[in-house]
Amino acid sequence: MESRDFVVVPAKGHFTVGYFLILPRQHEPSFASITSPDLTDQWWKLYVALAQRVKNILGPMMFFEHGSIFGGGYAGNTIEHAHLHVVPAKTDLVLSVVDDGRPTRRIPSLEFLSQFCRPYHLICRNEGGFYVADVSEEMESQYLRRLLYRQLYPDRNDDGWDWRRHCHEDRLRSTLELVKT
């Protein structure tokens, strides 16, 4: 799936079937830096189309972002290029962030992201609602991926969340089959 300015790709190292990324074709450090209504409309429509397609097979979808800013770099990520993680999940990532002691607040719409001048974590619950959590320099890399992995696989005590170490080729193949049909 794609639009003029965005593309949807299976996530590298995705630990569950149906895990995708939405990426802008031009460099942006985060989705907060995408302020054009046309661009926001494009990626939102891609998300909705993808969520509808995958939801029919795998259930509710949610998304999150480790949002950095130019020169910021410490948003729990190492890739300083905007990318939304779109994942089928019946869990509540917001509750995990709150339980972890991170200040979290609901924002009324995605337009409020442009007001952030510091790194952030964005979560869109699968039933709706946008939440932003504060980020600190001491946070672990791939923070939200870690939390989601622990929710989806509570009996595992491993680093399957780490895209650098685990490709999860079987899940990648299954995800590619999903979008082929």
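Where a number appears in this text, it was derived from the coordinates with a stated rule and is not lab data. Note that the structure is predicted; figures quoted are calculated from it, not measured. Cβ sites come from the backbone with ideal geometry, for glycine too, and all protein chains shown count toward neighbours.
Specify whether the C-alpha gyration tensor of the range 6-173 places it in the rounded, prolate or oblate class, a ≥ b ≥ c being the square roots of the eigenvalues: rounded for a/c under 1.5, otherwise prolate if a/b is larger than b/c and oblate if not.
It is rounded, given that a/c, with a ≥ b ≥ c, falls under 1.5.
Rounded to the nearest 500 deg cm²/dmol, what is the calculated helix-only ellipticity per residue at 222 nm for the chain, with -39500 (n - 2.57) per DSSP H run of length n ≥ 4?
-9000 deg cm²/dmol
Find out how many positive minus negative residues lie around Ala32, taking Lys and Arg as positive, Asp and Glu as negative, among other residues whose Cβ is under 15 Å from that of Ala32.
-3
Among Val54, Val98, what is the fewest-to-most ranking by other Cβ atoms within 10 Å?
Listed from fewest to most nearby Cβ atoms, that is Val98, Val54.
In whole Hz, what ³J(HN,Hα) sequence does the range 165-171 give by Karplus (6.51, -1.76, 1.60; θ = phi - 60°), x for Gly and Pro?
9, 10, 8, 6, 4, 4, 6
Would you pull out the residues with amide H under 5 Å of Trp161's amide H, same chain only if 5 or more places away, H placed 1.01 Å from N?
Result for Trp161 returns nothing.
Quick one: which residues, 5 or more positions from Leu21 or on another chain, have an amide H under 5 Å from its amide H? H modelled 1.01 Å from N in the peptide plane, none for Pro or chain starts.
Here Val9, Ala11, Val86 satisfy the definition.
Sequence neighbours fewer than 8 away in the same chain don't count; with that in mind, list the aspartates and glutamates whose C-alpha is under 17 Å from Lys55.
Once the sequence-local aspartates and glutamates are set aside, what remains near Lys55 is Asp92, Glu127, Glu177.
Pop out the ³J(HN,Hα) list for the range 137-148 in order, Karplus 6.51 cos²θ - 1.76 cosθ + 1.60 with θ = phi - 60°, rounded to Hz; leave Gly and Pro as x.
Once θ is set to phi - 60°, the couplings for the range 137-148 become 5, 7, 5, 5, 4, 6, 3, 5, 4, 4, 4, 5 Hz.
Taking H as built 1.01 Å from N, whose amide H comes closer than 5 Å to the amide H of Phe6, not counting residues under 5 places away?
Residues meeting the amide H criterion: Arg25.
Arrange the following residues from fewest to most other Cβ atoms within 10 Å of their Cβ: Leu110, Leu147, Leu95, Leu58.
Least crowded to most crowded, the residues run Leu95, Leu110, Leu58, Leu147.
Provide the per-residue ³J(HN,Hα) series for the range 85-94, in order, calculated from phi with Karplus coefficients 6.51, -1.76, 1.60 and θ = phi - 60°, each as a whole number of Hz, with x at glycine and proline positions.
In residue order, the calculated couplings are 8, 10, 9, x, 7, 9, 9, 10, 5, 4 Hz.
Could you please rank Met61, Met1, placing first whichever residue has the fewest other Cβ atoms within 10 Å of its Cβ?
Arranged by neighbour count, lowest to highest, Met61, Met1 become Met1, Met61.
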